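Here is the structure we will look at, set down as structure tokens.
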Amino acid sequence: PQAAEAADYLAVLGMANLTRGTAELGTLYRLTHTTVPAPPVPSADWRLVLLDGGGGTLASHSFTPQADTEAVEGEEVMASISETVPWVPGTTRVVILYRGSEVAGRNVSANAPTVQVLYPNGGEVLTGEQVTVRWSSADADRDRLTHLVQYSPDAGRTWQTVAVDVQASSLMVPLSDLAGSSTALFRVIASDGVNTGQDQSDGTFTVSGKAPRAFILSPAAGSRYDVGQQVMLVGEGFDIEDGVLPEDRLRWSSDRQGPLGAGAQVALTNLQRGAHLITLQVTDHDNQSGTASVSIFVGVEPHKAYLPIVVKLSRR
């Protein structure tokens with residue numbers, strides 16, 4: 001996306017039936033962006049149109065629904081609609097056209113909803129397993145409201161969506177899903193179907209940092225090897241704050257033999273005979289660690305061949 005001054009855009013979400021040529025709109029959001037979203041991919045069949053009060057066209061955008069890649073032959077093909085286009089003042093209706101005919105539409109009400117984040121609202125230190133985010137919202141048109149909840153670990157510079165289409169006025173969020181931060185914020189965006197209102201925590205709060213997770217891809221638990229046979233140790237580490245951990249943050253060990261090496265891949269041919277508990281330890285930039293382990297056995301007895309015994313009797 002290209003940098004730009006803040007401008008209003010309309011995020012349009014929905015589903016299309018490519019087999020029948022029908023569509024259904026989900027929640028729409030009017031949002032302010034400081035970057036220019038990617039334009040829709042044109043198609044010959046589908047258009048997103050913004051209309052004024054007299055039915056005149058204010059803007060028209062050709063777009064391509066994203067087909068379900070797991071569609072089964074013989075079943076109807078479904079596709080998602082997810083487009084962001086510039087908002088045009090004076091729009092009173094948003095419609096989806098298929099080959100020139102309206103197949104879905106949404107009226108724009110007169111008033112945008114209001115919303116206020118109640119908790120956490122600044123200064124809190126969040127501990128335990130979860131946090132219940134609470135807010136209040138209202139709409140002068142008495143439209144049914146849905147809410148989009150977002151979290152920022154960097155005082156609002158970036159936002160990640162936690163939940164969409166929440167109809168209640170609270171949401172329970174596992175703290176394990178939130179990156180640790182001392183400058184965290186929640187933001188709630190309320191939509192009446194098109195118009196939106198939003199609010200964020202008045203001040204930052206603290207979420208404790210998370211330990212990384214270790215994943216052993218090879219060897220599989222219960223694997224058995226001959227003495228001297230090559231054993232490939234393959235794994236990775238992931239941290240919710242750091243992302244995928246670099247190789248120097250991965251350490252391998254055996255309860256029988258001690259340290260085995262470092263990195264995402266370690267090839268071994270010197271494992272001692274016997275049972276080994278192979279452990280991968282990963283460490284993040286806060287020096288918090290996580291581990292994963294598998295049991296293997298080295299020293300498989302060679303397969304024995306049983307041959308028939310032929311007894312030959314000879315006569316003197």
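The values are calculated or read from the model by the stated rules, or taken from the named source; none is laboratory data. Everything numeric here is computed off the predicted structure, so don't read it as measured data. Here the Cβ is made from the backbone with ideal geometry for all residues, glycine too, and neighbour counts use every protein chain on show. Protein only, heavy atoms only, side chains kept; ligands, DNA and RNA dropped before computing areas. Shrake-Rupley method; radii C 1.70, N 1.55, O 1.52, S 1.80 Å.
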Open item on the list: For 285, 33, 276, give me the order by solvent-accessible area with a 1.4 Å probe, most accessible first, ignoring ligands, DNA and RNA.
Closed with: 285, 33, 276
- [ ] Would you mind checking which residues have amide H under 5 Å from residue 203's amide H? H placed 1.01 Å from N; only 5 or more apart, or other chain.
- [x] 122
Open item on the list: Taking the Cα centre as origin and putting +1 on Lys and Arg beta-carbons and -1 on Asp and Glu beta-carbons, what dipole magnitude results for the chain, to the nearest 20 debye?
Closed with: 1780 debye
Open item on the list: Counting only protein heavy atoms and a 1.4 Å probe, tell me what percentage of the range 219-269's accessible area is made up of carbon and sulfur.
Closed with: 47 percent
- [ ] Please express the Cα-Cα pair-distance distribution P(r) of the range 204-243 as a list of whole percents, one per 5 Å bin, running from 0 to the bin with the greatest distance.
- [x] 6, 17, 17, 16, 11, 10, 8, 7, 4, 2, 2, 1
Open item on the list: Give me the percent relative contact order of the range 196-259, please, defined on Cα pairs under 8 angstrom at least 6 residues apart.
Closed with: 27 percent
Open item on the list: For residue 46, what residues show an amide H to amide H distance below 5 Å, using hydrogens built from the backbone and excluding near sequence neighbours?
Closed with: 63, 99
Task: Label of the coordinate-derived value, log10 I(q)/I(0) by the Debye sum over Cα atoms at q = 0.08, 0.10 Å⁻¹, listed as [x] -0.44, -0.68; [y] -0.60, -0.80; [z] -0.48, -0.71 - done: [y]
Open item on the list: What number comes out for accessible area per residue over the chain if the probe is 1.4 Å? Units Å², please.
Closed with: 57 Å²
Open item on the list: Projecting each Cα onto the charge dipole of the chain (Lys/Arg +1, Asp/Glu -1 at the beta carbon, about the Cα centre), which of 53, 214, 277 comes out farthest on the positive side?
Closed with: 277
Task: Protection proxy ranking, peptides 159-165, 54-60, average beta carbon neighbours within 10 Å, highest first - done: 159-165, 54-60
Open item on the list: Can you compute the charge dipole magnitude of the range 11-92 about its Cα centre, using +1 on each Lys and Arg Cβ and -1 on each Asp and Glu Cβ, nothing else charged? Give it in debye, rounded to the nearest 20.
Closed with: 460 debye
- [ ] May I ask you to evaluate 6.51 cos²θ - 1.76 cosθ + 1.60, the Karplus curve with θ = phi - 60°, for each residue of the range 47-59 and list the ³J(HN,Hα) values in order in whole Hz, giving x for glycine and proline?
- [x] 9, 10, 10, 9, 10, 8, x, x, x, x, 7, 8, 7
- [ ] Could you look at the range 1-119 and say what percent of its accessible area is carbon and sulfur, using a 1.4 Å probe and all protein chains?
- [x] 51 percent
- [ ] Only Cα pairs under 8 Å and at least 6 apart count here; give the relative contact order of the range 1-152 as a rounded whole percent.
- [x] 22 percent
Open item on the list: Suppose a student asked you for the relative contact order of the chain, using Cα pairs under 8 Å spaced at least 6 residues apart; what percent would you report?
Closed with: 13 percent
